[in-house]
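Inspection log for the structure reproduced underneath, given as structure tokens.
All of the numbers you see were taken from the coordinates with simple rules; none came from a lab. Everything numeric here is computed off the predicted structure, so don't read it as measured data. Methodologically, a virtual Cβ is constructed for each residue, glycine included, from the backbone with ideal geometry; neighbour enumeration extends over all protein chains shown.
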Amino acid sequence: MRRWLLVAGFGLPGLLLLALVGIWLFYNVGQHRAALETAVSEAIGRDFRIGGDLRLDRGWPPALSAASVSLANADWADNGPLIAAERIDIGVALLPLLSGTIDLRDVTVTGAQVRLARHSEHGANWQLGRSPADAAEGDDESGWTVGFPRTVTLRDAQVVYRPDERTEAEQATVSRLTLQAPGANRPMTLELEGRYRERALQIDARMDAWQRLRDTDAEYRVHAFDWRLGESDLSGSGRLVRGGERPRLTGELTSDQFDLRPFQGEAAKSGEDRLISDTPMPLAPLQALDADIDVTAGRVISNGLVLEDLETTLALDAGKLRIDPIRAQLAGGQLEATLGLDANPSPPVLALGVQLADFRPGELPALADADLIDAAPSDFRLQGEGAGSSPAAVAGNFNGDLQLSVGRGTLGNNATNVIGADVVFSVLQQINPLADEEARTDLVCAALKLAIKDGVAQGEKAIAMQTDKVNVLGNAVIDLASEAVAIRVKPTARSGIGVNLGTLAGGFSIGGTLTRPRPTSGDLTAKLQAAGRVGAAITTGGLSLIAEGAFDRTFATDDPCGVVLADGASESAKPGILERAGDKARDLFDGLFGQ
């Protein structure tokens, strides 16, 4: 009797083990292909198909292997399946399969084509899950339950992303992406290696996720992440809270160096039609969530600008973006700025205030290789507001003012790559009446001061330059909508210096556009009229500023820069002017976007 008990005691576990070995060796999982397709399709609300073999790899732990797998795209997306993969390997627990449960351990996707897209009306095509109506009908008909995997790995993938229906799609290569989620309420980790815009891309992140007190709310926290693209880096932490009217994102971002150029279009070049972009601004994300993010960066590189020691705060609330303050070093000077964008009205409203004190123009990236200007400590300010869905549209009805003051330096009269590099300083070169007679000109001062109304920047005695030999003072009209330039200046010899100005003594003109300003002859009024805006946008008397015979004896002055700036300072604007400009911009900013 005792022997039979021993046999039974050892035999029953042995039989169970033998049964498991038999399942492992001989079970044909391929017969459940249709059921598996139905289970996944029902779980995520998209058609899931296995076009190749489906088999059970008999390693340990065992794994389902499927070839030629595809997941349907959203109904509104017409660019192929959301995911099409050469192969998917899914590590599963064996025993739960007997009860209709797919307990996923590891999922590896190889050779995938991933097509991501957003639409202004439909949202994102990667938003999965059954619709409320489908969910209300009850459980799916397959009888299978699918759990979320603990580890997801993507290898050798091509990812195509289209941010909206008006923008061309972009592509990235993912060599390896691993997302690990050991279990509910436990930290998740993300690791990614790939290439984007011909630059190496690397991301490492550690995240927590847990349910808040109410089931309808969820909070996700990223404790630390590290992102690298080529020579750029970004790290920080953050928290996303869902459940309110909009998700709310808070966090801190830091970077040693961040290069924005891979994410920007090319800067305007010589001969191109527009300086101010007419590409629509991406406004939809501004209304999709709220945010409060602090940003610090050692160096930020963009088209035409290199910011150092950047500090700023980004606040987004109910479609209103506020970036204030923006503090950084630019071209050796101190930048302080504010920016606000209200995406709620149609068209959206943008307010801007910029102060740049004691900078060196020759250190601006656009001028660094042009040999146009050396030294010349300068101050700049711009403030105002406009409405439009693109930067060009905002400029076309902008209201505000602009002021530039340039101190002692030298101008290069044989400078290369000037046109399109910087319109203001290329114009200074062109209004120099002695540019053809000397390789370099000693600059005493230069000044520009324009009032901007309904997209037209203009001013009488608004542009000036003083060199060691001549004084130059003139009027200017710039139509920001068409980017047409009309400047008429009068040079006079400085007292005690014998200079023969010849035919230039009566004045001369600069025409063209912001990307191609150039000396011109003929009637500037007619040239502006050809731009199609005269009468509607140029204020009364604006055309007279650039007409022939516009100058009187008051244009012959020994202090042209002081006349323009109207403060008697001939070499640079007084600090108080910049401070008052900042106060004015901030008052405007607060009036539009609240305190």
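General observations
- Burial ranking of peptide ranges 510-519, 71-80 (average Cβ count within 10 Å, highest at the top): 510-519, 71-80
- FRET efficiency, D273 to A224 (Cβ-Cβ, R0 60 Å, nearest 0.05): 0.85
- Straightening the chain between S175 and H119 buys 17.4 nm, computed as 0.36 nm per residue apart minus the Cα-Cα spacing.
- For the range 234-332, with +1 on Lys and Arg beta carbons and -1 on Asp and Glu, the positive-most of V295, L316, A331 along the dipole: L316
- Annotation: amide H of L443 within the under-5 Å range of G409, T410, L411, sequence separation 5 or more or interchain, hydrogens built in the peptide plane.
- Relative packing of 424-432, 290-298, 484-492, which averages over residues the other C-beta atoms within 10 Å, highest first: 484-492, 424-432, 290-298
- Placing unit charges on the Cβ atoms only, positive for Lys and Arg and negative for Asp and Glu, gives the range 285-343 a dipole magnitude near 180 debye about its Cα centre.
- 3J(HN,Hα) from dihedral phi, the range 440-447, Karplus parametrisation 6.51/-1.76/1.60, rounded to Hz, x for glycine, proline: 9, 10, 6, 9, 8, 6, 8, 8
- Put a dot 7 Å past the Cα of E198, heading toward its Cβ, do the same for R239, and the two dots end up 4.3 nm apart.
- Protection-proxy order for peptides 456-464, 161-169, each taking the mean of Cβ atoms within 10 Å per residue, highest first: 456-464, 161-169
- Near G332, once Lys and Arg are set to +1 and Asp and Glu to -1 for all other residues with Cβ below 9 Å from its Cβ, the sum equals -1.
- Whole-Hz couplings from phi, Karplus 6.51/-1.76/1.60, listed for the range 452-457; x for Gly and Pro: 10, 9, 6, x, 10, 9
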